[in-house]
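Values quoted throughout were computed directly from the atomic coordinates according to the rules given, and no laboratory measurement underlies them. Nothing here was measured: the structure is a model prediction, and the numbers come from that model. Ideal geometry is used to build each Cβ from the backbone, glycine not excepted, and the neighbour counts take in all protein chains shown.
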Amino acid sequence: MSSRNPTYNNPIPCKHLTDYKQNHGLQSYSCVQKNLKTNPNGRTTINKDQTKIPRCSICFKNQGIRLYYCLICSSISCCQSPDSNHALLHSQNEKNGGHEILIDIEKAELFCCICCDQVYDPDFDKLVMSKQIMEMPTNNNGVDFRNSNDGNSSSKRRKIMVSSTTSTVGSPDYKNGSKELMVMMRRNSNSCFPWGLRGLNNLGNTCFMNSVLQALIHTPPLRNYFLSDRHNRESCRKTSADRLCLCCDIDAIFTSVFSGDRTPYSPARFLYSWWQHSANLASYEQQDAHEFFISMLDRIHEREGQVRAQNKENEDCHCIAHKVFSGILRSDVTCTTCGFTSTTYDPCVDISLDLNTSSVSPKDVTEKPTKSNQNAGISTLVGCLDLFTKPEKLGSDQKLFCQHCQIKQNSLKQMSIKKLPLVLCFHIKRFEHSPVRKMSRKIDRYLQFPFSLDMIPYLSSSIVRNRFGNRIFAFEGDESDMSTEFEVFAVVSHSGKLESGHYVTYLRLRNQWYKCDDAWITQVSERLVRASQVYLIYYVQKTLYIKSGEDLLAGDPAFLQTPACC
């Protein structure tokens, strides 16, 4: 993965899939298309014979395992792990080659039993999508897929062109968007679903990527930045020798998602580009969603930093990633002997929170937890923030040098927030590793979080005043002009175990929640969101949330419901 191929558009398939296509072509793909079935919710599976229960042809099990359908002989086998791979055993028992490539019965995704991993092929992806279109001429939102582009090609670029005054990065309209932009977006939509809601196809264990991309696509300042053409792909190609620009690929995703096409989109080129920029994470294995989020921001920062020269007199970074997500944390370390306090400031793009151990009554939970997690306990986001800003006594092995005492002393450390970003990302530490037991585990505690959050109690000014009482009336660099009220707009949750789980995203658009599960978008209740095991929580400043929703265009005819819509 370290070599670069600037002309390659899709992830490189595994060798066994390449050999299969060379020997058998696409004929088996076409044959298997008749066995595909699209459920009402849009999920495509292998159509099962209602008179027979699918079982593994070797161990005859059918429950608690993932079953795979052989493209050559239609045999069904399972693969629980590399050590228990009956699909591989099946391929080895067959004299003729080609039995290495199978289809996941539940997900209709290609699987290589030798690699013991999902594999992606754009030809198979097109076949599944065409089957969905044939079986689902209209979805449950009234959108006709066959005529969703109003006669225009879905590949055409539908950039929302705004005036130079609204496209300036530092201007208010960059943060708030423009009324003209939102009107144009809505008028082109025939659906009750908010504009820009589009599923993302799983390219082989890429739910971690899809979940974060959905959150970023609907981050108001980031969305306005790309839709106002602040990163122009044409000009970028002319000025840069590197044809693998991650920002260009992100820009392409925004263009496709907001093109008006409601069929699921495959971010294959973006995945390949990300692999080239993050070679250590380039594989079809499941990755951590938080690690991917940080990696994405780092790559955007690197790219934008090359294009935008920073002001030497100002240490603030001017890239879009930091303008949207970057805040400043304050750390105060106080000597317990003399009281001398050492203060440091560190930039951050997210805040990692430990799950607080104080539980609340199960009656406060809007939906009962599952049996497996009944005794896991419940935490609150406010409790996690209180724990984050609570003074912590450093251990004897963590003594720090006191500038006043001139020796290492015991000390107290307290964190606070000096500067809030436009968008707050909270990372909930659900995965922990024990160096003593040399094992990792997932923390299955439920987390209650408010939809509206006031960050005043966690600002440095509030923390320091509370520490010394109200004797401090003035505070250097007071945050009185800082917007402290936030609204949640995206939640990434993780279900399952540490070694085998699944990420989904819940989006709050115009005060309605939508579940983004790879290619499938469904409207869900607030109770379902609160019952999920949240991993990443995204909050945006309240003024930006309001202006990004329907309140911005209250009373505009473009937002009146029509019979075709509802």
**Message:** Quick check: residue separation of Asp288 and Ser396 times 0.36 nm, minus the Cα distance between them. What number comes out in nm?
**Reply:** 35.5 nm
**Item:** Distance between modelled label sites at Gln406 and Phe431, nm, 7 Å Cα→Cβ extension
**Value:** 4.8
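Efficiency by 1/(1 + (r/R0)^6): what FRET value for Glu94 and His502, r their Cβ-Cβ distance, R0 = 25 Å, to the nearest 0.05? Walk me through the numbers before you get to the answer.
Details: r = 31 Å, r/R0 = 1.26.
Calculated transfer efficiency: 0.20.
Listed here are the pairs Lys323/Lys393; Lys390/Lys429; Lys107/Lys323; which of them are more than 28 Å apart at the Cα?
Those over the limit are Lys323/Lys393; Lys107/Lys323.
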**Message:** Report the gain in length on full extension from Thr343 to Asn466: 0.36 nm times residue separation, minus Cα-Cα distance, nm rounded to one decimal.
**Reply:** 42.6 nm
**Request:** Sort 249-261, 512-524, 214-226, 382-394 for me by packing, meaning the mean count of neighbouring Cβ atoms within 10 Å per residue, highest on top.
**Result:** 214-226, 249-261, 512-524, 382-394
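Calculate, for Lys413 and Asn511, the FRET efficiency according to 1/(1 + (r/R0)^6) with r their C-beta to C-beta distance and R0 45 Å; round to the nearest 0.05.
0.70
Give the calculated FRET efficiency between Cys317 and Thr522 to the nearest 0.05, with a Förster radius of 35 Å applied to their Cβ-Cβ distance.
Details: r = 38 Å, r/R0 = 1.08.
So, using R0 = 35 Å, E works out to roughly 0.40.
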